[in-house]
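Take a look at the structure set out below.
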Amino acid sequence: MIAIATRPAGHAGLEETWTTPRGWRGTLSSVDHKTIGLRYLVTSIFFLVVGGVEALIMRSQLAQSGEHLVSAGAYNELFSMHGVTMIFLYAAPVLSGFSNYLWPLMLGSRDMAYPRLNALSYWTYLVAGIFLYTSLPLGAMPNAGWFDYVPLAAREFNPGLNIDFYAITLLLLAVSTTVGSINFITTLFKTRAPGMSLNRMPIIVWGTLTASVSNLFALPALSAAAIMLYLDRRVGTHFFDAAAGGHPLLWQHLFWMFGHPWVYIVVLPAMGIVSDALPTFCRRPLVGYTFVALATVVTAMLGFGVWLHNMFATGIPPIALAFFGAASIFITIPSAVAVFSWLATLWDGRPWYPAPMKFMLGFIALFVIGGVSGVMTAAVPFDWQLTDSYFVVAHLHYVLVGINVFPVIAGVYYWFPKFTGRLMDERLGTWNFWTLFVGANIVFFPMHIVGMLGMPRRIYTYPAGLGWDAYNLLETIGAFLFAAGIVLFLVNVWRSRSRGVEAGPNPWDAGTLEWATPSPPPAYNFAVLPTIGSRHPLWEDRLGEGSARSSITNGPVLAHGRETFATSPLDAEPVAVMRMPEDSYAPFLLAASIGLVAYGLLFSLAWLAAAGVGAAAACVVAWLWPDEATAFAGMTTTPFGTLPLGASGRRSVGWWGMLGVVATEASFFVYLLFSYFYLGSLSTNPWPSEVPGFGLPLVNTVILLASSVAVWWGERGIRAGDSRRLRIGVALGLGLGAIFLALQGVEYERETISGTKDAYGSLFYTITGFHGAHVLVGLLMLGVVLRRAFLGHFDARRREAVSNAALYWHFVDAVWLAVFTSLYVSPFVR
């Protein structure tokens, strides 16, 4: 077995370089992935408790017929807040906590690819949670469910701030989740330890990677829907107004284009926890690793093709019902691959059953029950019979509690020694498991029965004599038993932090790389950066996996500042030495500025929103302005040859991050254009209601394409070391882009189309307006690049910012071609 790495003599500088100062300054400025991961875990579990309290109040209201513990309005707010809290503030963020803490340790790196972006993700998540719960003292909590269907959520039927809180919170969380997802993707492809090829990664890494990619393509649908809802409520647009050419089902399509992939986003990393921890307690590697990794990816891909599974009762054509019903059944196959892999690992191993193992076995049982009920609702006739009944509530909670909560608690028990250096209490853990497992089945299984007896979901009371009373009382008892289990878990965590048995570096004798560090790990993670030779670095000798061997205690130190390797995407071959940013207040201040914008939008305070935008812009410029720690500094000698300090183009982490931004923003425009063609296909009125002018947009198209050519020419120049050509090309692109925006303003002045007359006008100005906003962002990027070019910041090797700005500008131009074709050309070819 490979020895655990310790800090060698002479490496004292690593501690000084990587450690965050104590006190409030360190609290607000830390970018340490371990600190951020623990913050995510603590905050999300706090929201789990808050959402649980809301659930207990609802269950008390439903414990018997004719109960009046809360009013109908209060109940609507409770179940809406419960759903939003559990889905958005607990289920995904808690998995981000595990991944933030564990990824660099599992991948053999010193931090995430974007430490400051990591901090921004957490602070924005916290701002979103605080923003949502300020609705409580204002008496305006969201009250139309976590799904927020229109027209119930429209201003006509819901005139208060309730739904505005909901819509803006979703946008804040979209920012947090998107930047976090880009960080995870880039970290995986660019910062793995040398030798850690894709087929040597832990399954939790596959799960989080797949969820992160899904986020980039699914979240924009929710963001587009939330923006449309806010505009309908505050500006008077008509996206969901059937009388003006909109349609309420547009909300459902956009919401479930996000919502069904989101189910897999919140379960795949949790399944990864089990896939990585279960083999430790079975004393053998996971059976069928390759098939489980492929099944993880396939599940997420199929998740994008089953959104109508949630809309079978909305009058969908039979051909669509058949297709999506079949897809909903087919998606169970990759999930079954994972289940049989776990069972085979148990069968072929020598299992032992500490507390984490008990929770994993409980998870498998609940996973199967929830999966079977999901397959049942994939059958269209069965779904028609039980849609919007408590049967669906039972399925949803078996999935979210069984496939999320149980693996999360198993993960806390399993990695608690890594977090704290101490083991959790086993006896209390056993009581904890049985209380939660029995409680979960008592509260959720009877919901299947009461649903088939006809009890609809979302009702706050019911009359006696319907046969529901005994089941609801049993469910309420189970809810309180489950809550007692959560309390036992929290007590165990609290006691074990200070009084738990000292664990040592690897108390479970696990085989993955995170256990090769002391527990808890030092600020710099690894005293020397490891080189990986197999899938189980700490089990290599006993398994005899090939001839290669990992090196944990001997290797490069990289102690000249905050440094780690940048590696190739597939085989993790070192291509550069990355210089990581220092701690910074910028992420905290940027998140706070975004919060100001949110409150300005909520209360229609233009000055507050403008102040927030200005503060955010200042934070971004300060954040991105280069410093000595991150500038290219020549070449350095490593055991892997002479490598550059810093990188440009596809070798740089910045290029991968910008690629993620382009992917998710392109998806946003795809959903906007989908809305345009969807409403056009349903409209009984002429579409478009007024044909927009063609000449000026055509001129603008030529101008924008010319700007892209100019920027490309300038970028090619700096690649050859010609800084003068760079300045000319960027200046031309900047000028042409400014002309484009000016002419778009002229077009708006001339157009007779109204954004508040009908859905067509609303979409016309929303799509072109958001594209104009992206042009403005691109101009700001080009302006910063031009300023830095005159300061001499760029040469043939130092050009990362140029490449990123050019990539974004070409994306803006490509989007305009799609917008121009859809809005200006398509009316003439119908």
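The values are calculated or read from the model by the stated rules, or taken from the named source; none is laboratory data. Here the structure is a predicted model, which is why all the values come from computation and not from measurement. FYI the Cβ positions are ideal-geometry reconstructions off the backbone, even for glycines, and counts take in every protein chain you see. Each accessible area value is taken on the protein alone, full model and side chains, heavy atoms only, with ligands, DNA and RNA left out. Shrake-Rupley method; radii C 1.70, N 1.55, O 1.52, S 1.80 Å.
Residues that are surrounded by 21 or more Cβ atoms within 10 Å (Cβ to Cβ), in a helix (DSSP H, G or I) and at pLDDT 95 or above are absent from segment 235-249. Within segment 411-461, if we keep just the residues that are in contact with a strand residue (DSSP E or B) (Cβ under 8 Å, 6 or more places away or on another chain) and among the basic types (K, R), the residue that is modelled with the lowest pLDDT turns out to be R457.
Candidates in segment 686-704 are the residues that are open to solvent by less than 70 Å² (accessible area, probe 1.4 Å) and assigned to a helix (DSSP H, G or I); of these, the one that is modelled with the lowest pLDDT is G695. Taken over segment 91-143, the criterion of being basic (K, R) and assigned to a helix (DSSP H, G or I) is satisfied by R116 alone.
As a summary of the residue check, S762 satisfies the conditions (1) open to solvent by 20 Å² or more (accessible area, probe 1.4 Å); (2) in a helix (DSSP H, G or I) except for the one numbered (1). Taken together, N183, N199, N215 contain a single residue that is at pLDDT below 95 and either buried (at least 23 other Cβ atoms within 10 Å of the Cβ) or part of a helix (DSSP H, G or I) (or both), which is N199.
Cβ-Cβ contacts under 8 Å between residues 6 or more apart (or on different chains), taken from a first residue in segment 682-699 that is more than 15 Å from V825 (Cα to Cα) to a second residue that is in a loop (DSSP other than H, G, I, E, B) and open to solvent by less than 80 Å² (accessible area, probe 1.4 Å), are listed as L682/H247; S683/G245; N685/G245; N685/D758. Return the residue satisfying two criteria in turn: it lies in segment 298-309 and is in contact (Cβ under 8 Å) with a residue 40 or more places away in the chain and either surrounded by 18 or more Cβ atoms within 10 Å (Cβ to Cβ) or of a type in the set (D, E) (or both), and of such residues it is farthest from V274 (Cα to Cα). Among those that are in contact (Cβ under 8 Å) with a residue 40 or more places away in the chain and either surrounded by 18 or more Cβ atoms within 10 Å (Cβ to Cβ) or of a type in the set (D, E) (or both), it is L308. The set of residues in segment 4-44 being polar (S, T, N, Q), open to solvent by 30 Å² or more (accessible area, probe 1.4 Å) and at pLDDT 95 or above consists of T35 alone. Residue-level check: of (1) open to solvent by 70 Å² or more (accessible area, probe 1.4 Å); (2) closer than 22 Å to G52 by Cα, P456 misses just (1). Filtering segment 553-564 to residues that are in contact with a Phe, Trp or Tyr (Cβ under 8 Å, 6 or more places away or on another chain) and hydrophobic (A, V, I, L, M, F, W, C) leaves only L558.
Candidates P137, P151, P159, P194: the one that is in contact with a strand residue (DSSP E or B) (Cβ under 9 Å, 6 or more places away or on another chain), more than 16 Å from G97 (Cβ to Cβ) and not β-branched (V, I, T) is P194. When restricted to residues that are touching a Ser or Thr at 6+ places or on another chain (Cβ under 9 Å) and either free of Cβ contacts under 8 Å to residues at least 24 places away in the same chain or open to solvent by 20 Å² or more (accessible area, probe 1.4 Å) (or both), segment 650-681 contains 11. For segment 562-571, the criterion of a residue being at pLDDT below 90, in a loop (DSSP other than H, G, I, E, B), more than 32 Å from the chain's Cα centre (by Cα) and farther than 30 Å from E426 by Cα is satisfied by no position. The residues listed here are G729, G733, G772; of these, the one that is more than 28 Å from A616 (Cβ to Cβ), part of a helix (DSSP H, G or I) and open to solvent by less than 50 Å² (accessible area, probe 1.4 Å) is G729. If I filter segment 605-612 for residues that are aliphatic (A, V, I, L, M) and at pLDDT below 90, do I get at least one hit? Within segment 605-612, not a single residue is aliphatic (A, V, I, L, M) and at pLDDT below 90.
Output the qualifying pairs, or none if there are none: Cβ atoms under 7 angstrom, residues six or more apart or on different chains, first residue in segment 461-483 and of a type in the set (D, E), second residue open to solvent by less than 80 Å² (accessible area, probe 1.4 Å) and assigned to a loop (DSSP other than H, G, I, E, B). Matching pairs, first to second residue: D469/S65. For segment 337-364, filtered to residues that are assigned to a loop (DSSP other than H, G, I, E, B) and open to solvent by 30 Å² or more (accessible area, probe 1.4 Å), the residue that is nearest to V493 (Cα to Cα) is Y353. Can you confirm whether E67 is open to solvent by 20 Å² or more (accessible area, probe 1.4 Å), farther than 29 Å from S519 by Cα and either over 15 Å from the mean Cα position of the chain (by Cα) or of a type in the set (G, A, S) (or both)? Criteria met by E67.
Can you tell me which residues in segment 806-830 are free of Cβ contacts under 8 Å to residues at least 60 places away in the same chain, open to solvent by less than 20 Å² (accessible area, probe 1.4 Å) and within 16 Å of H771 (Cα to Cα)? Within segment 806-830, none qualify. For segment 496-515, a residue qualifies if it is in a helix (DSSP H, G or I) and either surrounded by 14 or more Cβ atoms within 10 Å (Cβ to Cβ) or modelled with pLDDT of 95 or more (or both), and the qualifying residues are S496, R497, L513, E514, W515.
Hey, does segment 377-394 have a residue that's part of a loop (DSSP other than H, G, I, E, B), aliphatic (A, V, I, L, M) and touching a residue at least 12 places away in the same chain (Cβ under 8 Å)? Yes - at least one qualifying residue is present in segment 377-394.
If the condition is being in contact (Cβ under 8 Å) with a residue 40 or more places away in the chain, of a type in the set (A, V, I, L, M) and touching a Phe, Trp or Tyr at 6+ places or on another chain (Cβ under 8 Å), then segment 205-224 contributes V205, A211, A218, L219, A221, L222, A224.
With respect to being among the aliphatic types (A, V, I, L, M), open to solvent by 10 Å² or more (accessible area, probe 1.4 Å), touching a Phe, Trp or Tyr at 6+ places or on another chain (Cβ under 6 Å) and under 19 Å from F668 (Cα atoms), M257 fits the description. The listed residues are A128, A154, A144, and the only one of them that is buried (at least 24 other Cβ atoms within 10 Å of the Cβ), touching a helix residue (DSSP H, G or I) at 6+ places or on another chain (Cβ under 9 Å) and touching a residue at least 40 places away in the same chain (Cβ under 8 Å) turns out to be A128.
Restricting segment 365-419 to residues that are β-branched (V, I, T), surrounded by fewer than 24 Cβ atoms within 10 Å (Cβ to Cβ) and touching a helix residue (DSSP H, G or I) at 6+ places or on another chain (Cβ under 6 Å) leaves a set whose member that is farthest from L41 (Cα to Cα) is V380.
For segment 407-446, the set of residues classified as without any contact (Cβ under 8 Å) to a residue 60 or more places away in the chain and of a type in the set (G, A, S) consists of G439 only.
Checked against the criteria, T290 counts as in contact (Cβ under 8 Å) with a residue 60 or more places away in the chain, among the hydroxyl-bearing types (S, T, Y) and not in a loop (DSSP other than H, G, I, E, B).
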